[in-house]
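Working notes for the structure below.
The values are calculated or read from the model by the stated rules, or taken from the named source; none is laboratory data. Because the structure is a prediction, the values reported are computed rather than measured. Neighbour counts are summed over all protein chains in view; Cβ atoms, including those assigned to glycine, are modelled from backbone coordinates with ideal geometry.
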Amino acid sequence: MKILQDLPLEKLKELISSLGEKAFRAGQIFRSMQSGRAISEMTDLSQTLRQRLLEEYVDEPVKIIKKLVSKDGTEKYLLALYDGNVIEGVFMKNSYGNTQCLSTQVGCRMGCKFCASGIGGLVRNLTAGEMLATVAVVNRINGGTLDKRAVTNLVLMGSGEPFDNYDNVVDFLRLLSDKNGLNVSMRNVSLSTCGLVPEMIRFANEGLPLNLTVSLHNPINDKRAELMPIAKAYSVEQILSACDNYFEKTGRRFIFEYSLVKGVNDTEECLQELIRLLKHRPCHVNIIRLNEVKENGLKATDDKSAYKFADKLVKGGLSATVRRLFGADIEGACGQLRRTYIEGDKQ
Ligand code: SAH
C-alpha cells in the first residue's frame, strides 16, 4: 500500500487527472489530508473516487492508539502506523503556543548511550506523508484546523535521527510549509541532529531556514564518543564549522543540546571547554536534565547542580538555559513509552 500524504500538491494533481477527475479535487484532497482526515472520511468526494484511492492508498496512515495526559498538561501519544509499527508523539503547552515533538524514524541506529529510542536499533524510516499525518492528527485532536492551528511549533526531536532519513524529512518540511495546507513557517520548526556533518552542510542549502539544534552532550571528542558513537565519525570541530556555515547561509543562530549525566559530562573540564569553543559563536546552549532510562544505568545530575552548570556557562559568556521539564510523570524520555508498549506486548 502507498501513502497518499506523501504526494505534494503537484503530484496529487497528476494522479487526480489520471483518474479522470476534475483538477480542483486535488486541492480538496490535499487540504483534507493536511487537516488529518482519513480517505474514508472525505465524504465531499464521490464514493467511486474514494474507493479508487483506497484500492492503492492507506486510509489512515497514522492512528492515535493511546493518549497520556500529564499533570502539567503535556500530552503523549502512542501512534500506530499502517504496518503495525508504533511511534510516539508529544504535545506540549507553552505560553507562546503549543509544541509538537515529532519522530522521524521507527527506532534509531545512532546508538547514543543515554537514549531509549536506539535500544532496539532502527526498524524503518518514516515517509514524508507519515510525518505529515502525525502533525495533522495531533493538530486535529487538539481542535486545530488549517486556519487556526493547535500545533503552532514543531520540534523534530522524537525517535530517530532526522538527517539519517534526509530526503523524507526534507520532503516532509516542504509539505508542512505548503501554503495550501498547514502552512507552518520554518521559524517555528526546530530540527535536532546528533551531528551528521555532511547532511548539516547539505541542509544549509535547502532554503528551509529552521532552527538547527545539535546534540553535543560533551565538547571533548573522545569523551563524546563514549556517549555517542557518531562522534567517532565526525569531530566537534567539524560540527562547529558546519554550524558556522548554517549561520552564514541562513542567518539563524544555532542551538546545542546538553543532557547532563552525573559525573560524566557535568565536570569543570567540560564546562571550560564549552566556554572556550562556543563563546564567540552565535548560539544557545540548552541544558537538559537527563531522563533516566532503566536500561543504561546513567544517572542525572541533580537540579541544583544543573542550574549551577548553566549559570557558570552564562558567567563564561554563553547564552544558556535549563530546559523546562515536560510530562516527567508520563514517560517523557525519548522512546520510553514505545519501549514499555513493546515490552508489554511480548509478555
Ligand atoms: N536524533 C536527534 C533527535 C534526538 S532526541 C538528535 O540526536 O539530536 C532530542 C534530544 O534528546 C537529543 O539531544 C538527545 O540526545 C536527547 N536525549 C535522548 N535521550 C535522552 C534522555 N534519556 N535524557 C535526556 N536527553 C535525552
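For the range 86-131: of the residues being buried (at least 19 other Cβ atoms within 10 Å of the Cβ) and charged (D, E, K, R), which is nearest to the ligand (Cβ to nearest atom)?
Among those residues, the one meeting the criterion is Glu88.
Only one of Val155, Val214, Val169, Val137 is β-branched (Val, Ile, Thr), within 14 Å of the ligand (Cβ to nearest atom) and part of a helix (DSSP H, G or I). Can you tell me which?
Selected residue: Val169, the only one of Val155, Val214, Val169, Val137 that is β-branched (Val, Ile, Thr), within 14 Å of the ligand (Cβ to nearest atom) and part of a helix (DSSP H, G or I).
Check the range 193-201 and report whether any residue there is small (Gly, Ala, Ser) and either within 27 Å of Asn94 (Cα to Cα) or without any contact (Cβ under 8 Å) to a residue 12 or more places away in the chain (or both). Spell out the reasoning first.
So in the range 193-201, the residues small (Gly, Ala, Ser) come out as 195.
Right, trim to either within 27 Å of Asn94 (Cα to Cα) or without any contact (Cβ under 8 Å) to a residue 12 or more places away in the chain (or both) and you get none.
Among the residues of the range 193-201, not one is small (Gly, Ala, Ser) and either within 27 Å of Asn94 (Cα to Cα) or without any contact (Cβ under 8 Å) to a residue 12 or more places away in the chain (or both), which makes the answer no.
Take the residues in the range 320-337 that are modelled with pLDDT of 65 or more, surrounded by 15 or more Cβ atoms within 10 Å (Cβ to Cβ) and not aromatic (Phe, Trp, Tyr), then tell me which one is farthest from the chain's Cα centre (by Cα).
From the range 320-337, those modelled with pLDDT of 65 or more are 320-330; that's our starting set.
Now restrict to residues that are surrounded by 15 or more Cβ atoms within 10 Å (Cβ to Cβ): 320, 322, 325-327, 330.
If we keep only those that are not aromatic (Phe, Trp, Tyr) as well, we get 320, 322, 325, 327, 330.
Numbers: Ala320: 21, Val322: 20, Leu325: 17, Gly327: 17, Ile330: 18 Å.
Result: Ala320.
Looking only at the range 84-121, which residues are within 28 Å of Asp59 (Cβ to Cβ) and without any contact (Cβ under 8 Å) to a residue 24 or more places away in the chain?
Across the range 84-121, the qualifying residue is only Gly84.
Taking the condition of a type in the set (Val, Ile, Thr), within 21 Å of Ser259 (Cα to Cα) and surrounded by fewer than 21 Cβ atoms within 10 Å (Cβ to Cβ), does Ile65 pass? Lay out the reasoning, then the answer.
Working: of a type in the set (Val, Ile, Thr): yes; within 21 Å of Ser259 (Cα to Cα): no; surrounded by fewer than 21 Cβ atoms within 10 Å (Cβ to Cβ): yes.
No.
Are there any pairs with C-beta distances below 7 angstrom linking a residue in the range 1-21 that is polar (S, T, N, Q) to a residue that is crowded, with 17+ Cβ neighbours inside 10 Å and not in a helix (DSSP H, G or I), with the two at least 6 apart or on different chains, and if so which?
So the pair list comes out as Gln5/Pro61.
List every residue pair whose Cβ atoms sit under 6 Å apart, with the two residues 6 or more apart in sequence or on different chains, where the first one lies in the range 302-317 and is not assigned by TED's automatic domain parsing to the domain that holds Leu290 and the second, anywhere, is modelled with pLDDT under 95 and in a helix (DSSP H, G or I).
Going by the 6 Å Cβ cut-off, there are no qualifying pairs.
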